[in-house]
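Inspection log for the structure reproduced underneath, given as structure tokens.
Every read-out reported here was derived from the displayed coordinates using simple, explicitly stated rules and does not represent laboratory data. These numbers were taken from a predicted model, which means no experiment stands behind them.
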């Protein structure tokens, strides 16, 4: 999924560190539902789109 936003930009918008965003992207961190919803809202995507492997 390409959204034209860096990890740092996303991290700032959702209140996480860039490192945490990287861990989430690489499936090394299990974010809370609230964090997932914040990321989805920021990226203007559904949770399905964020976590469905066919989108990657």
message: If I take every Cα pair under 8 Å that is 6 or more residues apart in segment 7-55, average their sequence separation and divide by the length, what percent do I get for the relative contact order?
response: 27 percent
message: Can you show me the helix-derived [θ] at 222 nm for the chain, built from DSSP H runs with n ≥ 4 at -39,500 (n - 2.57) apiece and divided by the number of residues, rounded to the nearest 500.
response: -15500 deg cm²/dmol
- request: With a/c under 1.5 counting as rounded, go ahead and sort the chain into rounded, prolate or oblate using the C-alpha gyration tensor (a ≥ b ≥ c being the square roots of the eigenvalues; past the cut-off, prolate if a/b is larger than b/c, else oblate).
  value: rounded
